[in-house]
Every structure is written in structure tokens, then in C-alpha cells.
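Here is the structure we will look at.
The values are calculated or read from the model by the stated rules, or taken from the named source; none is laboratory data. Remember, predicted model here, so these are calculated numbers, not experimental data. Please note: Cβ atoms are built from the backbone with ideal geometry, for glycine as well, and neighbour counts cover all protein chains shown. Just so you know, the surface numbers come from the protein's heavy atoms only, side chains and all, with ligands and any DNA or RNA stripped out. Shrake-Rupley method; radii C 1.70, N 1.55, O 1.52, S 1.80 Å.
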Amino acid sequence: MLTRFDLAPREARRLQEQIAPMVIRSDRLGPIQTVAGADIALAEKTGYAAVIVYSFPALQEVERAAISGELKFPYVPGLLAFREIPLLLRVFAKLRHHPDLILADAHGWAHPRRAGMACHLGIVLDTPTIGCAKSLLIGEYEMPLAKRGSVSALRDGKEKIGIVLRTRDGVRPNFVSCGHRVSLRTAVRLTLACCDGYRIPKPLREADHLVKQLRREATAGRMS
């Protein structure tokens, strides 16, 4: 059922309510030797998905894979997993090296139904996953201090649903939350360990560059 994406939005929301109790927000991970960044770029009804696997902690590229394909689920805030995961699963299936950890450009537990894309992806792949998003979806917070590594709690009412993390001095923070099989404390530590002087962790930053390049090339090809 978790890999059914041909659902109406109402059905998708009900499925997310079933996903939330399945999310493991404690550390159930072994030694981390590889970490993957997963991202997707959208252009009308086409998605460009990429996963790049790096060694950890050296962050040397091991493998990359990418595809493009039709987006079959409509754009609905809070249901982006159903629009994007089908393509990402096809990319992960192409990898020769299954990563020990996934960084997803998405929210995880910091989601209205506690079932963001990082949770959904991590459960389907049964892989430790962290949600590292560039913008706020839900919750309230105080801005963390400007120094790298500074944090503040992201809360929805009284519940702590994530961490607002400064990954570089003086730049906008990222929103880190549990995806699956990684505690929030460990998620913050590993996210920082994947940052190489930039705001966005290297695996996510390079995956983002790749999908945007693929989208540009495809757009230029259609125009020529």
C-alpha cells in the first residue's frame, strides 16, 4: 500500500495518517560509510530526479543516477511525496551501491500529519533517512544564533517536530527533521557532517545541481 501513488488526495492523506505510527525516530542505523542526496526538479508535468551517493565522512562521490518522467499526481501542499517518490524510487533502483543514509530535500516529521516525504521514502526503502528542507512547512521557531551549528527548536504547539539548524555562519538556516531510523539529535549531527562550508549539505547541493542541469538541457532541447 505504501508504494501506491495512484490515489486521490483524500486517500493520500489517509495513507499518511497510517505512515506516521510507522516512523522510527530513534537511532536504528549501523556504521555510516555512504550517504546519498536525493532531489527532484519539476517542469510542468515532468520531473527530473537524481540521487548521488558519497563516501562518508570524506564525501567523495561514489555513484550517481538520474531519470526523468511524467508527474502523475497533482501538486497538493503536504502531499508532495505522492508526486515525487515514484521517480525517486526508480532512481534508487538503478544504484549499484545502496546508501547507509539518505538526505532528502524534504520534510520528514515536520509535516502536518507527521509523514513528510523523508518519512515515506525512508520507510519504503527501509533506510535511515533525514529530512533537510530549505523552507518552513509547518511550525514555529525562534531564529538560531548566527554561528554555524546553532540550533533552535521547531515546534507545532507543544510538540518538538524538528530543529532549525544554522549550517554556515550568517546564512539562512535549514529545517531538519526525522525521516526514519534516525533520531533528531543524530540527524542534526550527520547533517552538519555533510556540510562542506556551504549552507546546503554537499550530497543535496550536488543532487540539486544535477536535476536543474537536466531540466535546463531538456528545456533547451525542446526549444531548439
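Observations, loosely collected:
- Longest segment of the chain lacking GluC sites (Glu not before Pro) that sit in a DSSP loop with at most 16 other Cβ atoms within 10 Å: 45-141
- Accessible area ranking (1.4 Å probe, heavy atoms, ligands and nucleic acids excluded), largest first, for 75, 198, 48: 75, 198, 48.
- Candidate residues 42, 89, 190: accessible-area rank, largest first, probe 1.4 Å: 42, 89, 190
- At the residue level, residue 188 shows approximately 20 square angstrom of accessible surface with a 1.4 angstrom probe and all protein chains present.
- For volume of the Cα convex hull per residue in Å³, the value computed from the atomic coordinates appears in the list (1) 132; (2) 120; (3) 110 under label (2).
- Each Lys and Arg adds +1 at its Cβ and each Asp and Glu adds -1 at its Cβ; summed about the Cα centre, segment 118-224 shows a dipole of about 260 debye.
- Given charges at beta-carbon only (K, R positive; D, E negative), |dipole| of segment 88-149 in Debye: 220
- Computed about the Cα centre, the dipole magnitude for the chain is approximately 260 debye when only Lys and Arg (+1) and Asp and Glu (-1) carry charge, each at its Cβ.
- Anisotropy class of segment 150-197 from Cα gyration tensor, a/c 1.5 cut: oblate
- Per atom type, segment 55-190 shows carbon and sulfur on 50% of its accessible surface, probed at 1.4 Å.
- Protection proxy ranking, highest mean first, for peptides 102-109, 1-8, 24-31: 102-109, 24-31, 1-8, where packing is the per-residue count of other beta-carbon atoms within 10 Å, averaged.
- Global form of segment 1-102, assessed from the alpha-carbon gyration tensor, a/c cut-off 1.5: oblate
- Computed over the chain: relative contact order in percent, which uses C-alpha pairs under 8 Å that are six or more apart: 22
- For trypsin sites (Lys or Arg not before Pro), the sites in segment 148-206 that DSSP calls loop and that have at most 11 other Cβ atoms within 10 Å are 158.
- Theoretical ellipticity at 222 nm over the chain - DSSP helices of four or more residues, -39500 (n - 2.57) apiece, nearest 500: -9500 deg cm²/dmol
- Here's the picture: charge each Lys and Arg Cβ at +1 and each Asp and Glu Cβ at -1 in segment 66-224, and of 218, 182, 131 the one pushed furthest to the positive end of that dipole is 218.
- Relative contact order of segment 132-209, pairs being alpha-carbon contacts under 8 Å that are 6 or more residues apart, as %: 24
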